[in-house]
Amino acid sequence: MAILWALMAALLLSFALLPVLRRRRGMIEQVHPGHPDAADPADYGFVREEDLDIRMPGPDQDLLDVLDVVQRTQDHRAASQLLAGTEIAGELRWQRVQAFAGAAALELQRRPGGVSETPGGQWLRVWRAEQPKDAGGAAVHAEFLVQQAWRTSTPGTDDFRIIMEEARDACGQAALLSPGDPVPYVIELSVARGLNYAQSEFEQLWLKILDRAPAHMGAHLAALHYWCEKWHGSRELAYSFAEAAAARAPRGSLLAAMPLFAVFEHLPEVNLVASFYQSEVVTKAVHGALHAVHSARQDDPMLAHVRHLLVFFLVRSERWAEAMGELIRVDGHVGALPWTLSADPAAEFALYRALAVAGYEANGGSPATLHS
């Protein structure tokens, strides 16, 4: 319904509170919070917006427990032990390295230090100093430098290049400490994008990853950025890369969802026309992603990433019941695309969630029918 997108555009361009929506004569209209006819996401057991976890796409209690210990005590040892016990070639190791690096970077941003104050993220510096041969610490340090480059400087500037070159050296050191580990090379994919590797150089790096973890979804997503039109490739190259990954995906692999990520990376800046999201290219990519999530292991660490992106496309396509089916599986954690591109990921996710609830109820749905 076109009116939904008009409402959403108005909301995104204003500072109004997130609307709640109600059913009336088959149309969706904005009503104020507390209205007796308002469609209430809480009726579906959804987490309150202020309680949504923006750090991760899905639950990882072991990681959360260790992060709490590390940040409370500034002692890195629990992080070192967790990574040492995490499968080297698995998706979970990559996600945990990102999380530790992101936590250190955020600490440093909030507490840069000074004459009488210790800078945030000190535990990572101590980790590297006390355990220079710890492969986990080396990988976290390399990812920390990459995140610092993107957070604190502008691509193409001297500052950005200096940090990225330091990150490249750190990736090399991490790779030497753990020869079979794909993570240092996955981290270098972001360095390659930032330092504008030639395609031949990038392909050599990519082969190192394929030798170690050919079905690594996180690596494929990182590589996709390089091939996108806004970086060093084109729409055609990005689509070709994603479709080739989907075609060779082993049974149960989420690589079958790669074309949906390629479509997302090439969306126009503004497109509120529902028919675009019902076009053949989008429908085909959504179908592939739905097939992937239904075929994948339910404990696959990348499953939540795909489900979050599906929520975005299913809402935009006005496929309300399917959107609700994905929402009940990912609600609570919003640290994934597309929400993380927003200045307020929780609010962005909550907006789409409210639209999904409104559309679902406008077409006869209810909490009882969703769970039936």
Would you please state which residues of region 304-336 a label at Lys230 would reach in this model, taking the label point 7 Å out along Cα→Cβ and a backbone N cut-off of under 17 Å? 309, 312-313, 336
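Out of the trypsin sites (Lys or Arg not before Pro) in region 133-227, which ones are loop residues according to DSSP with at most 10 other C-beta atoms within 10 Å? Kindly include the intermediate steps, with their values, before the conclusion.
Values: sites: Lys133, Arg151, Arg161, Arg168, Arg193, Lys208, Arg212; in loops: Lys133.
Here the sparse-neighbourhood loop sites are Lys133.
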Solvent-accessible area, 1.4 Å probe, carbon plus sulfur percent, for the chain: 53 percent
Over the chain, with neighbouring protein chains present, the accessible area per residue in Å² at probe 1.4 Å is 47 Å²
Using Cα centres only, tell me the gap between region 41-87 and region 131-197 in whole Å. 23 Å
For Asp211 and Ser295, what is the calculated FRET efficiency with R₀ set at 22 Å and r taken between the beta-carbons, to the nearest 0.05? 0.30
Which cross-chain or sequence-distant (5 or more) residues have an amide H under 5 Å from the amide H of His333, H modelled 1.01 Å from N in plane? Asp53
Please list Lys230, Lys284 in order of solvent-accessible area, largest first, computed with a 1.4 Å probe with all protein chains present. Lys284, Lys230
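Please get the size of the charge dipole for region 68-119, origin at its Cα centre, with Cβ charges of +1 on Lys and Arg and -1 on Asp and Glu, quoted in debye to the nearest 20.
It works out to roughly 60 debye.
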Filtering GluC sites (Glu not before Pro) in region 205-294 by DSSP loop and by at most 12 other Cβ atoms within 10 Å leaves Glu269
Inter-site label distance for Gln131 and Ser366 at 7 Å from Cα along Cβ, in nm: 5.5 nm
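So for Arg248, Arg111, what's the accessible-area order with a 1.4 Å probe, most first?
The ranking, largest first, comes out as Arg248, Arg111.
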State, to one decimal in nm, how far the label point of His287 lies from the label point of Arg111, with both points 7 Å from Cα in the Cβ direction. 5.4 nm
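The values are calculated or read from the model by the stated rules, or taken from the named source; none is laboratory data. Because the structure is predicted, anything quoted here is derived from the model rather than measured. A quick note on method: Cβ atoms are made from the backbone with ideal geometry, for glycine too, and the neighbour counts reach across all protein chains shown. When the accessible area is computed, the model is the full protein with side chains, heavy atoms only, and any ligands, DNA or RNA have been set aside. Shrake-Rupley method; radii C 1.70, N 1.55, O 1.52, S 1.80 Å.
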